[in-house]
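The values are calculated or read from the model by the stated rules, or taken from the named source; none is laboratory data. Nothing here was measured: the structure is a model prediction, and the numbers come from that model. Positions of Cβ are backbone-derived with ideal geometry, glycine not excepted, and every protein chain shown enters the neighbour counts.
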Amino acid sequence: MKTLRPVLIVLAVLIIVAGGGYYAWLQNQDDLPDYIASGNGRIEAEEIHVATKYAGRVSEVLVDEGDRVEAGDVLAKMDTSELDAQLAQAMAEEARAKEAVPESKAEIVQRESELRLAKQQLERAQKLIKNNNIAREQVDQREADRDIALARLEAAKARQTSAERAVEAAGAEVARIQVQIDDSVLTAPRAGRVQYRLAEPGEVLAAGGKVVTLLDLTDVYMTVFLPTSQAGLAYVGNEARIVLDAAPDFVIPATVSFVADNAQFTPREVETRTEREKLMFRVKIRISSDLLEAHIEKVKTGLPGEAYIMLASNSGWPDRLHVHLPEGAGTVDTGDHEQTGTATTNGTTGK
């Protein structure tokens, strides 16, 4: 019995703590009207994986975790030594192809001159044959010379066309290699914060290898799960509120931006009413990008909190869910009217 006593004491304490937490949760839920749903979640931001397009060795990584970057900032560079050599060779091939074009044009001029001479000689021969001043064989020879000159001219024109196409092909190869070199400089597709530095200089990555992960701090949201009865009344555009555990005094305005069209926890084939009540649907609550930009340096992901969603239109928020932002938060459009600082909603100061 003595050995069981400490265990029983610990169990009793755990039961009291759990009971107290459950009672507090019930008290909190009782404050909500039927037209407001709530759910727990964490602040998340849209992740952007910056990866290399081609296989290669990482030459430089120019950012560290936590750095703020703007769209177009250079994040990393891949080694382009081999590509630089290929580019030099391609440029040399292009220059050689360009040199062949004037040569082909000069040959055309020569062949045109030969054709004119052949035609003149044939005309003289045809005049002389009328008076039997020359043999028929000479006229035939002049006709053959004309046909040969004409064929040589056509061949020269074909070579000129081929030379011009060779220039185009060489130029396209130069452009292709240059694009690969340009793609070896990895830039930020949009403004954000560096979350992870996934590669270091000297590492060899396959095509698509991730180098840096960015967080778009103007695209921040919380994901919650609602039962069928509430998810059916949650629509994209509905008003919402977010209260973070780290800052329970502030109520952040948000908007429903996504409602899943299929359940997450129970198979859709379940038909009984009891089982249908267990269905949970994912709902995404997004914070205004204007508000986020006003506090971009303070935005943090991973913070837990609770989201509240207005399920019915034209209904007021309880006093404790009136928008309440830090001083100097600027102006925020909550859908009804603008809120600033310690904001007001429906004419009541947020608590």
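Details
- Among residues of the range 70-84 that are touching a residue at least 12 places away in the same chain (Cβ under 8 Å) and within 13 Å of V58 (Cα to Cα), those with a beta-carbon under 9 Å from a residue that is acidic (D, E) and outside any loop (DSSP other than H, G, I, E, B) at least six positions away or on a different chain give the pairs A76/E60; K77/E60; M78/E60; M78/D183.
- Restricting the range 113-142 to residues that are in contact with a helix residue (DSSP H, G or I) (Cβ under 6 Å, 6 or more places away or on another chain) and charged (D, E, K, R), the residue that is farthest from K157 (Cα to Cα): R142
- Selection status of A163, over 30 Å from K298 (Cα atoms) and free of Cβ contacts under 8 Å to residues at least 24 places away in the same chain: no
- Selected residue (criterion: surrounded by the fewest Cβ atoms within 10 Å (Cβ to Cβ)) from residues of the range 174-201 that are within 22 Å of the chain's Cα centre (by Cα) and charged (D, E, K, R): D182
Yes/no matrix, rows are residues, columns are (1) assigned to a helix (DSSP H, G or I); (2) in contact with a strand residue (DSSP E or B) (Cβ under 7 Å, 6 or more places away or on another chain); (3) among the charged types (D, E, K, R); (4) crowded, with 16+ Cβ neighbours inside 10 Å:
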| residue | (1), (2), (3), (4) |
| --- | --- |
| E103 | yes, no, yes, no |
| E107 | yes, no, yes, yes |
| R116 | yes, no, yes, no |
| Q120 | yes, no, no, no |
| L128 | yes, no, no, no |
| A149 | yes, no, no, yes |
| Q160 | yes, no, no, yes |
| A166 | yes, no, no, yes |
| A172 | yes, no, no, no |
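- Some residue of the range 49-66 being in a loop (DSSP other than H, G, I, E, B), acidic (D, E) and either within 29 Å of G305 (Cα to Cα) or in contact (Cβ under 8 Å) with a residue 40 or more places away in the chain (or both): yes
- Residue within the range 131-138 that is surrounded by 12 or more Cβ atoms within 10 Å (Cβ to Cβ), over 30 Å from Y221 (Cβ atoms) and either acidic (D, E) or touching a strand residue (DSSP E or B) at 6+ places or on another chain (Cβ under 9 Å) (or both) present: no
- Within the set A206, A169, the sole residue that is assigned by TED's automatic domain parsing to the domain that holds V63 and farther than 30 Å from P304 by Cα turns out to be A206.
- Flag for G335 being within 12 Å of A240 (Cα to Cα), of a type outside the set (S, T, N, Q) and modelled with pLDDT under 70: yes
- Among residues of the range 62-103, those that are more than 32 Å from the chain's Cα centre (by Cα) and not small (G, A, S), counted: 10
- Residue satisfying condition, being under 30 Å from N40 (Cβ atoms) and surrounded by fewer than 18 Cβ atoms within 10 Å (Cβ to Cβ), within set A247, A231, A240: A247
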